[in-house]
1. Let me make sure I get this right: for segment 101-150, a, b and c are the square roots of the gyration tensor eigenvalues over alpha carbons, sorted descending. Under 1.5 in a/c it's rounded, otherwise prolate if a/b > b/c, else oblate. Which is it?
2. If one computes the Cα centroid of segment 122-198 and of segment 212-268, what distance in Å separates the two points?
3. Quick one: Kirkwood hydrodynamic radius for segment 62-145, alpha-carbon pairs, angstrom, one decimal?
4. Looking at the calculated P(r) for segment 385-444, what percent of the C-alpha pair distances fall above 15 Å?
5. If we sort 345-354, 432-441, 159-168 on the protection proxy, mean other Cβ atoms within 10 Å, highest first, what's the order?
6. For the chain, what is the relative contact order in percent, using Cα pairs closer than 8 Å and at least 6 residues apart in sequence?
7. What shape does segment 26-66 take by its C-alpha gyration tensor, where a ≥ b ≥ c are the square roots of the eigenvalues and a/c under 1.5 counts as rounded, a/b above b/c as prolate, and the rest as oblate?
8. Debye sum, Cα scatterers, segment 154-203, no solvent: what log₁₀ I/I(0) at q = 0.22, 0.23, 0.24, 0.30 1/Å?
Ligand code: FAD
């Protein structure tokens with residue numbers, strides 16, 4: 001996967017996708033697999049918008065059952081099953097504890113019925129069914145849980161992913177099918193020419209300069225930027241978005257390997273504690289926010305709300321202000337549907353044709369990480385039909401594994417258990433190979449080959465997380481990480497450790513520098529930009 005802006009400007013594209021979040025990535029993969037000539041541009045880095053700021057769940061959404069959105073939940077659970085199959089290294093089952101208190105709004109019978117339905121709708125995707133625990137067992141699963149009024153708990157399963165890597169793997173698959181991709185490339189204008197093609201002006205934010213791409217059709221997959229992008233084609237068009245800010249806190253690990261679904265003491269909203277890379281994420285808030293999506297960050301009120309929730313859940317585990325490692329926020333690109341309360345606004349995705357260019361310019365509104373593949377299928381079906389483009393068959397994305405999703409022997413668990421043998425054969429540390437195999441699945445070989453050529457790459461980047469130096473090299477060589485921030489935030493996830501890779505950033509810059517030709521001065525600039533960027537990404541919420 002190489003950044004190649006000049007190829008974007010050559011010839012005519014069947015489809016230009018604007019926005020490299022999960023929707024754009026999924027659409028590019030689907031369209032390229034069907035044989036269309038596809039381009040995709042992303043103004044910042046892939047997954048840097050809402051798709052990298054989610055709760056990271058691949059789920060039906062138990063809370064949507066409360067709202068009787070049965071069809072939505074069933075469709076999402078079907079997608080969960082597909083993603084567990086095509087990306088076992090990236091989408092993993094996660095146990096959830098749902099504590100039951102005396103003052104809960106739902107009866108135990110209603111909860112039992114809801115969980116039974118959830119299990120049934122999940123189908124045969126290998127997830128264990130739910131069970132009920134008494135209060136002492138609930139405390140054993142979650143030491144420190146508030147015991148006052150605790151009647152017991154339910155345990156059920158959903159799935160968790162790495163949202164940014166899921167986006168990048170879809171793009172890798174798109175590139176494997178010939179899609180031309182560029183990050184740090186921003187669309188600035190759209191117009192139609194006499195041949196009926198759409199002409200798009202693109203600014204190169206990495207090297208400066210501009211170019212023009214020509215496409216038969218465009219999908220605007222810019223998430224919370226969708227109204228702004230649509231206005232480039234139709235300045236008088238009515239806004240359709242109702243952006244909703246959702247914040248998360250990262251705290252040291254508080255809930256073991258189990259996620260927890262609980263209620264806020266402030267307003268009874270459903271909240272989540274999710275184990276993540278050795279930390280616990282607490283989310284989320286839901287607040288109208290019409291600010292520039294590039295500037296979204298958690299407010300003091302968001303942080304207080306989330307901390308109060310965590311302290312209420314874990315009354316027996318003191319959580320000090322200084323435990324807060326970092327916080328981040330994203331904007332849900334919800335479609336304005338007239339709902340009075342944000343929590344009741346629809347999460348469903350909608351494809352909206354432009355007033356100026358009709359269905360040749362489709363905008364994506366709403367949607368969930370979980371159901372991106374289904375949305376992509378609908379978008380490509382419509383584009384292919386409207387533009388009369390012959391495609392090689394229908395959507396194949398549910399049948400073909402994502403990169404790394406296919407492992408030798410075909411059984412992911414057996415592949416993981418073979419990691420010690422793989423390590424021994426190469427004289428490597430078994431734990432390191434196992435952690436690489438878990439993250440990279442069938443791409444393990446590519447990482448090991450890098451390390452074989454340069455054994456020093458088989459070391460950890462720092463002691464705070466599992467990232468290996470080889471993964472930084474892989475990001476630069478084959479995953480289009482063209483800045484240090486792309487590698488640390490968007491490819492390896494090293495920025496999400498307790499240390500946020502602040503100390504090892506120079507070492508990572510040196511690895512990238514050796515591959516991308518950065519001299520010492522450029523490496524320093526990259527490190528400084530990374531540190532600045534973390535402040536923005538995490539909303540300046542460092543606790544000294
Ligand atoms: P984005 O990811 O925002 O992508 C749009 C991209 O377009 C951005 O990268 C942006 O830089 C780019 N762009 C903008 N303008 C231009 C331009 N002019 N030129 C080129 N590029 C441009 N869903 C789940 O299924 N599970 C969850 O657990 C979950 N949790 C969530 C928690 C929170 C707090 C939030 C906010 C959302 C959550 N969601 C979850 C929903 C899900 O994350 C989003 O619906 C999804 O990520 C939206 O993806 P997108 O591709 O539409 O938008």
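Readers should treat all values here as calculations from the given coordinates under stated rules, not as data from a laboratory. It should be emphasised that the depicted structure is a prediction, and the values quoted were computed from it without experimental measurement. Here Cβ is always computed from backbone atoms with ideal geometry, including for glycine, and neighbour counts include all displayed protein chains.
1. oblate
2. 14
3. The answer is 14.4 Å.
4. 58
5. The peptides rank, most packed first, as 159-168, 432-441, 345-354.
6. The normalised contact order for the chain reaches 18 percent.
7. Numbers: a/c = 4.41, a/b = 1.65, b/c = 2.67.
Oblate, because a/c is 1.5 or more while a/b does not exceed b/c.
8. -0.94, -0.96, -0.97, -1.04
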